[in-house]
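**Student:** Questions regarding the structure given below will be posed in turn.
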Amino acid sequence: MSVVVTNARNRIAYNVVRSLGQRGVPVYVADSVSRPMSAASRYASGHFTYPSPFHDPEGFIECLAMELPRLGADVLIPVFEETFLIARHKARLSPLVSMAVPDYDQILTAHNKDKWELVARRLGIPVPAAYSPEALRGGGVGASQPRFPVLIKPKQGGGAWGIREAPSRAALEQLLDQPTWDGKSWDRFFVQEKVEGETHCVAMLFNRGQLRAKVAYRQLRDFPTTGGQATVRVSLRSETAERYLQQLLEDLRWHGPCQADFIVDRQTGLPYLIDVNPRLWGSLVQAIASGVDFPYLIYRMAKDGDVPPVASFKTGVVTRWLGGDIAALPARLRSSSEKLTVLLDFLFPAAPAVLFDDFSWSDPLPMVHWCADAIVRAVKFRSTAAVSHDSLQGTWE
C-alpha cells in the first residue's frame, strides 16, 4: 500500500513526500522529467516518468492507469495543474485509487476569475473592481473610469506571469493598444483596480462542503518581487479572510484543498479576494510548520473517507522558500537604497525560518537536484528567468 505524488519536480510535491515519508508512508513520485527533485529525497520509495499532462493528456492518464495498480498505490495526490486533468478523468481513475480531489466543474469555477467573482459578489465577499480589455479598448477607459493604478492580469494563471501595473489612464491605453498581451489573446486577461495593502493567504481542506483544516499567513517577501509567490511568510490569524474563504468553499460544496490570496486594504482593513488556487499551493510548508499537516490529512481523508477537524494552527511561525528568495535577491538589491540592510536581512533574518520549502539538512539532495536543473534550463533557454519544462499553453475549459 503506497501513495503516488505527481509533479515531483516542484517544492509542493517535495513537501508532500517529506511529510508522508517522515510518517512512514511509502511514497512514489512521478513527473514528465526524468530526474525530478523529489525523486532524490530519502523519503521517496521510487519514481516513474509519465507523458506531459499538457502536451499528451491522454498518454498521461493512460500511464497513471497502468502504474497505479503496478505499484499497489491506494492513494493518489496530485499537486499542481495536473490536478485539473485528473479531476476531469476522476471516473476513470477512481476505481484504481483513492483521491481527495474536487470535481472538474468545481475546479473550473474556482480557477476562472470570471466565475468565482460572481459567486464571491453574491456572497458579499469584497472583490476589486474589474473590467474586460474589450470594454476598455478604443476609448472605453474614459467611459468606465477605473480608479488607478490598475493591473492587467490573466483570468487563469499564477506565479505573476502576465501581470503588469498601469499607473494612469494614458499608461493603460498605451498597453491596451497592443494587439495581444504577453503573446496571447486579450480575452485571456482582465483589468483589475489595485488594492494597496498586505497580502494575507488562507488555505483550507474541505470534505464535501465541510471544513476540516485551515491555516492563514502573511507574505513577507515575494518572487517575482511585484505580486509573485511568497518566499518568506509568517502564520497569523486573518479571521475575516478566513471567514470569506470558508463561505466561498461551503457554497461550492468543495472537496479537497484550496488556497486563496487576499489583499487587506491599508486604509479600511477590509480583505479583498484577488486569487483562488483550487489545488495544493506553493507555500504548503507553512501549513505543516504551523501544525496542520495538509499532506497527511489529505492522505487519511482519501484513504479513510474523512478526518477529524483540526481546530487551530500555530501563529508567528516563519517559513522560507530558499530557491525563490535567492532568485529574488538581485531585484530587491537593485530596487533598494539600503542594500546592506537587504543583504543582512537575507543572510541573518530577525525571525529565522523553522522550515524551508526546498531544503533540509537531513535531506539535502532534492535541493542539489533543483539547483542543477535550474542551471541546465538557464543554459538551454539562455535566460536566468524561471522557465518551466512544460506548461499549459491554452486554458482549462
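**Student:** Among the residues of the stretch 167-218, write down those that are in a loop (DSSP other than H, G, I, E, B) and either closer than 20 Å to I12 by Cα or not β-branched (V, I, T) (or both).
**Tutor:** The answer is P167, S168, D177, Q178, P179, D182, G183, S185, K194, E196, R208, G209.
**Student:** Against the condition polar (S, T, N, Q), buried (at least 20 other Cβ atoms within 10 Å of the Cβ), in the same structural domain as R92 (by TED's automatic domain parsing) and in contact with a Phe, Trp or Tyr (Cβ under 9 Å, 6 or more places away or on another chain), how does S38 come out, does it pass?
**Tutor:** Spelling it out, S38 is indeed polar (S, T, N, Q), buried (at least 20 other Cβ atoms within 10 Å of the Cβ), in the same structural domain as R92 (by TED's automatic domain parsing) and in contact with a Phe, Trp or Tyr (Cβ under 9 Å, 6 or more places away or on another chain).
**Student:** Of the conditions (1) of a type in the set (S, T, N, Q); (2) modelled with pLDDT of 95 or more; (3) farther than 28 Å from Q259 by Cβ, T199 clears all except one; give me its number.
**Tutor:** Failed condition: (3).
**Student:** Please state which of the following conditions S38 fails to meet, knowing it meets all the rest: (1) in contact with a Leu (Cβ under 9 Å, 6 or more places away or on another chain); (2) part of a helix (DSSP H, G or I); (3) closer than 20 Å to N15 by Cβ.
**Tutor:** (1)
**Student:** Name the residue, out of I125, I107, that is under 30 Å from Y299 (Cα atoms) and either assigned by TED's automatic domain parsing to the domain that holds P78 or among the aliphatic types (A, V, I, L, M) (or both).
**Tutor:** I107
**Student:** Another question, if that's okay. Can you run down the residue pairs with Cβ atoms below 8 Å, 6 or more apart or on separate chains, where the first is in the stretch 285-308 and crowded, with 20+ Cβ neighbours inside 10 Å and the partner is among the basic types (K, R) and in a helix (DSSP H, G or I)?
**Tutor:** If the second residue must be among the basic types (K, R) and in a helix (DSSP H, G or I), the pairs left are V285/R11.
**Student:** Another question, if that's okay. Please list, ordered by first then second residue, the pairs with beta carbon atoms under 6 Å, 6 or more apart or interchain, first in the stretch 341-357 and of a type in the set (D, E), second surrounded by 14 or more Cβ atoms within 10 Å (Cβ to Cβ).
**Tutor:** D357/R11; D357/V285; D357/W321
**Student:** Give just the number: which of (1) surrounded by fewer than 22 Cβ atoms within 10 Å (Cβ to Cβ); (2) in contact with a strand residue (DSSP E or B) (Cβ under 8 Å, 6 or more places away or on another chain); (3) of a type outside the set (V, I, T) does P95 not satisfy?
**Tutor:** Going through (1) surrounded by fewer than 22 Cβ atoms within 10 Å (Cβ to Cβ); (2) in contact with a strand residue (DSSP E or B) (Cβ under 8 Å, 6 or more places away or on another chain); (3) of a type outside the set (V, I, T) one by one, P95 breaks only (2).
**Student:** Follow-up. Please count how many residues of the stretch 41-72 are touching a Cys at 6+ places or on another chain (Cβ under 8 Å) and loosely packed, with under 15 Cβ neighbours inside 10 Å.
**Tutor:** Summing the residues that are touching a Cys at 6+ places or on another chain (Cβ under 8 Å) and loosely packed, with under 15 Cβ neighbours inside 10 Å in the stretch 41-72 gives 0.
**Student:** Residue by residue through the stretch 41-63, note down the ones that are in contact with a Lys or Arg (Cβ under 9 Å, 6 or more places away or on another chain) and part of a helix (DSSP H, G or I).
**Tutor:** Those that are in contact with a Lys or Arg (Cβ under 9 Å, 6 or more places away or on another chain) and part of a helix (DSSP H, G or I): P57, I61.
**Student:** Among the candidates V29, V17, V33, V75, single out the residue that is in a loop (DSSP other than H, G, I, E, B) and aliphatic (A, V, I, L, M).
**Tutor:** None of the other options fit; the residue is V33.
**Student:** Would you tally the residues in the stretch 31-80 being of a type outside the set (V, I, T), touching a Pro at 6+ places or on another chain (Cβ under 8 Å) and within 11 Å of T6 (Cβ to Cβ)?
**Tutor:** 5
**Student:** Look through the stretch 76-119, keep the residues that are over 17 Å from the mean Cα position of the chain (by Cα) and of a type in the set (K, R), and return whichever of them is farthest from E397 (Cα to Cα).
**Tutor:** The selected residue is R92.
**Student:** Could you identify the single residue in A65, A40 that is in contact (Cβ under 8 Å) with a residue 60 or more places away in the chain and more than 22 Å from the chain's Cα centre (by Cα)?
**Tutor:** Being in contact (Cβ under 8 Å) with a residue 60 or more places away in the chain and more than 22 Å from the chain's Cα centre (by Cα) holds for just one of A65, A40, which is A40.
**Student:** I would also like to ask the following. For the stretch 50-62, indicate whether the set of residues that are closer than 22 Å to Y296 by Cα and touching a Leu at 6+ places or on another chain (Cβ under 9 Å) is non-empty.
**Tutor:** no
**Student:** Additional query: Kindly indicate which of A129, A73 is under 25 Å from the mean Cα position of the chain (by Cα) and of a type outside the set (K, R).
**Tutor:** Being under 25 Å from the mean Cα position of the chain (by Cα) and of a type outside the set (K, R) holds for just one of A129, A73, which is A129.
**Student:** Please report, ordered by residue number, the helices (runs of 4 or more DSSP H) entirely within the stretch 290-397 with at least 1 residues that are outside the structural domain of T6 (by TED's automatic domain parsing) and small (G, A, S).
**Tutor:** 294-304, 322-335, 365-381
**Student:** Just name the residue that is surrounded by the fewest Cβ atoms within 10 Å (Cβ to Cβ) out of those in the stretch 219-246 that are part of a strand (DSSP E or B) and within 15 Å of the chain's Cα centre (by Cα).
**Tutor:** Q219
**Student:** Another one. Among the residues of the stretch 171-179, are any farther than 28 Å from E134 by Cβ and small (G, A, S)?
**Tutor:** No; the residues of the stretch 171-179 include none that is farther than 28 Å from E134 by Cβ and small (G, A, S).
The values are calculated or read from the model by the stated rules, or taken from the named source; none is laboratory data. Note that this is a predicted model, so its numbers are computed, not measured. Heads up, the Cβs are rebuilt from the backbone with ideal geometry, glycines too, and the neighbour counts pull from every protein chain shown.
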